[in-house]
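A.B. asks: I am attaching a structure below and will ask some questions about it afterwards.
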Ligand SMILES: Cc1cc2nc3c(=O)[nH]c(=O)nc-3n(C[C@H](O)[C@H](O)[C@H](O)COP(=O)(O)OP(=O)(O)OC[C@H]3O[C@@H](n4cnc5c(N)ncnc54)[C@H](O)[C@@H]3O)c2cc1C
């Protein structure tokens, strides 16, 4: 392969593009990532890395490093609702700090080795970039903008320009991933449209928003004593969602830009002061306009050799923080499949299964995000919320109950993160019976094929996940169960397979069978009491033949 050629070309080095690259690179598949910027984002974007995304980072060996950025481990990442940050607290969703979560008994509602991490995307992207740069198979071209792409019968090609020098370069490959965000030239070149609803108008979180990035260590001296990760200000004058970024005084405040009002530092200052309800010292670092209220999913996720991942495939209302996290889950799904095909053991159904599995998840997740925004819209602001005295107290108490419910709906949602289910996928050996209920706010671990493999602690600090192989893993819960037939089938199809004997009554009960086949992305491909009558067909199906 010469330097103008690679197996996979990736347009965009945001979270989706970098995670696809890391999935490929660690399996030795050469790829080139074209990223137009030279530095990671200087402005806050996604504020939260969900447990499921952290599980992916754990699998990729990144979770510990990622925990070092963002809110410190002792910081309580609550969500609190206020009239103004300096005035009444209306409701609070308490959340343990990472230190508390890891030291206490596991939370049965959130069975995971990786509690959610409140870390800013602007801090996480450098970790991903650094890691990608250390993998020899990845060529990360920073400062390169892709200007055109083409798909042929046997491959793809890209024309990219190095922005600093103006030098153009043509490079060809076998496959291409469009991970370059909402204004995706790859999606456009393929003529793929978004389906769904564009920017919906709402009083808050619909239409034009202003994000104000500022520094104000003093904030902690006048707001509620117990720190929060997300502070909401809800008053007649202005709504605001304020997010703590480093726990030391860096914040981003999101406010709606009213019709006819342009983004300006004056409006940003006014918003900071109105939502705080008092004057205090702060320093604005930057402001940015963005648009909220999207519920959009690409009508298809791929052509023959080109795939969309991340925001190029879906756009969210930011409620519930799902845009970036859905993007990483896309990348985890696509990465191993592309690697399998490039390494010669993936069948022709493998790559088409990416869109079949992921599009319904984007539809489900965008729907959920929208439902939260709509729920908030339906909560009309009561009279007297800011009044002193008992009438005000009862208005606040009553409204606070609704806010608690809103907070729980939006944030205490393990089902949306862990309940991703591919039971009807062509590469999963589905089981008869009804599809498990999909409740965003409730996750009941189960091991039906298609589900995320349930997490189990094997011993202190050691998750079952930590023993999985890089590619397929066959869990063997009964020492007497024979695995040789499946091993032999995998070997003859060239499918990498690790046999993992597990001596755990709890895990066996949860997984429901003696043999369970786990995919590289930790989803269950098949389970049974013993090897199936045609193990070659089983391995063929899960590897896409
Ligand atoms: C203000 C704001 C707040 C947000 N808050 C949240 C949140 O709380 N939770 C959440 O989950 N999500 C949030 N999001 C959304 C989240 O940031 C995105 O969903 C996420 O970044 C998507 O990742 P991606 O890799 O698909 O795309 P991006 O992060 O957009 O990455 C695409 C990359 O491609 C590069 N690129 C674009 N075109 C080209 C080209 N032609 N050539 C080369 N490179 C190119 C871009 O420079 C960029 O680095 C927020 C977004 C914004 C703007």
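A.B. asks: For 246, 534, what ranking results if the residue with the fewest other Cβ atoms within 10 Å of its Cβ goes first?
C.D. replies: 534, 246
A.B. asks: For helix 323-342, report the angle its Cα long axis makes with the longest principal axis of the Cα atoms of the chain; keep it between 0 and 90° and round to the nearest 10°.
C.D. replies: 10 degrees
A.B. asks: Is the shape of segment 222-267 best called rounded, prolate or oblate, per the rule: a/c under 1.5 gives rounded, else a/b larger than b/c gives prolate, else oblate, with a ≥ b ≥ c the square roots of the Cα gyration tensor eigenvalues?
C.D. replies: prolate
A.B. asks: Taking the alpha carbon gyration tensor of segment 269-315, what are the square roots of 5 times its eigenvalues, largest first, to the nearest whole Å?
C.D. replies: 41, 12, 6
A.B. asks: For segment 98-113 and segment 174-220, compute the distance between their C-alpha centroids and round to whole Å.
C.D. replies: Using only Cα atoms, the two centres lie 32 Å from each other.
A.B. asks: According to the square roots a ≥ b ≥ c of the eigenvalues of the Cα gyration tensor, what is the shape class of segment 43-125, taking rounded for a/c under 1.5, prolate for a/b larger than b/c otherwise, and oblate for the remainder?
C.D. replies: oblate
A.B. asks: Give the shape of segment 1-63 as rounded, prolate or oblate, defined through the alpha-carbon gyration tensor: a ≥ b ≥ c are the square roots of its eigenvalues, a/c under 1.5 means rounded, and otherwise the shape is prolate if a/b is larger than b/c and oblate if not.
C.D. replies: The shape class here is oblate.
A.B. asks: Continuing with this model, one more query. Determine the calculated [θ] at 222 nm for the chain from helices alone, applying -39500 (n - 2.57) to every DSSP H run no shorter than 4 residues and normalising by the residue count; nearest 500 deg cm²/dmol.
C.D. replies: Counting only the DSSP helices, I get -9500 deg cm²/dmol.
A.B. asks: Would you mind ranking 316, 222, 418, 267 by Cβ crowding within 10 Å, fewest neighbours first?
C.D. replies: Going from sparsest to densest Cβ surroundings: 222, 267, 418, 316.
A.B. asks: Follow-up question, since we're still on this one. Using alpha carbons only, how many degrees (0 to 90, rounded to 10) separate the axis of helix 390-411 from the longest principal axis of the chain?
C.D. replies: 10 degrees
A.B. asks: Now for a different question. Given contacts defined as C-alpha pairs under 8 Å and at least six residues apart, what's the relative contact order of segment 1-132, whole-number percent?
C.D. replies: Rounded, it is 32 percent for segment 1-132.
A.B. asks: Treat the count of other C-beta atoms within 10 Å as a stand-in for reagent exposure and order 144, 95 from fewest to most.
C.D. replies: Ordered by Cβ neighbours within 10 Å, fewest first: 95, 144.
A.B. asks: Still on this structure, please answer the following. I'd like the distance between the alpha-carbon centres of segment 293-328 and segment 457-479, rounded to an integer number of Å.
C.D. replies: The two parts, judged by their Cα centres, are 31 Å apart.
A.B. asks: How big is the chain along each principal axis, measuring the range of its Cα positions in Å and listing the largest first?
C.D. replies: Extents along the principal axes: 76, 61, 37 Å.
A.B. asks: Moving on to the next point. Kindly work out what percent of the DSSP beta bridges joining two residues of the chain are antiparallel, to the nearest 5.
C.D. replies: About 70 percent, rounded to the nearest 5.
A.B. asks: Compute the FRET efficiency between residue 446 and residue 165 as 1/(1 + (r/R0)^6), taking r as their Cβ-Cβ distance and R0 = 51 Å, and round to the nearest 0.05.
C.D. replies: 0.40
A.B. asks: Run the numbers on segment 173-296 and let me know its relative contact order in percent, using alpha-carbon pairs under 8 Å that are six or more apart.
C.D. replies: Result for segment 173-296 is 37 percent.
A.B. asks: Related question: Residue separation times 0.36 nm, minus the C-alpha to C-alpha distance between residue 99 and residue 394: what's the value?
C.D. replies: Extra length available between residue 99 and residue 394 comes to 102.6 nm.
A.B. asks: Can you give me the angle between helix 265-276 and the longest principal axis of the chain, using Cα atoms only, in degrees from 0 to 90, rounded to the nearest 10?
C.D. replies: 80 degrees
A.B. asks: Suppose R0 equals 60 Å; then what is the FRET efficiency for residue 498 and residue 87 from their Cβ-Cβ distance, rounded to the nearest 0.05?
C.D. replies: 0.60
A.B. asks: Residue separation times 0.36 nm, minus the C-alpha to C-alpha distance between residue 435 and residue 195: what's the value?
C.D. replies: 83.8 nm
A.B. asks: How high is the relative contact order of the chain, in percent, counting Cα pairs under 8 Å that sit 6 or more residues apart?
C.D. replies: 15 percent
A.B. asks: Can you give me the Cα centroid spacing of segment 236-251 and segment 1-60 in angstrom?
C.D. replies: Comparing the Cα centres of segment 236-251 and segment 1-60, I get a distance of 29 Å.
A.B. asks: What Kirkwood Rh does segment 140-252 have if only Cα atoms enter the pairwise 1/r average? Answer in Å.
C.D. replies: Computed over segment 140-252, the radius equals 18.8 Å.
A.B. asks: In nm, what is the difference between 0.36 nm times the number of residues separating residue 107 and residue 68 and their Cα-Cα distance?
C.D. replies: Extending this stretch completely gives an extra 11.8 nm.
A short reminder: the numbers here are calculations on the coordinates, not readings from a lab. For clarity, every value in this text was computed on a predicted model and none was experimentally measured. Glycine also receives a Cβ, built like all others from the backbone with ideal geometry; neighbour counts cover every protein chain displayed.
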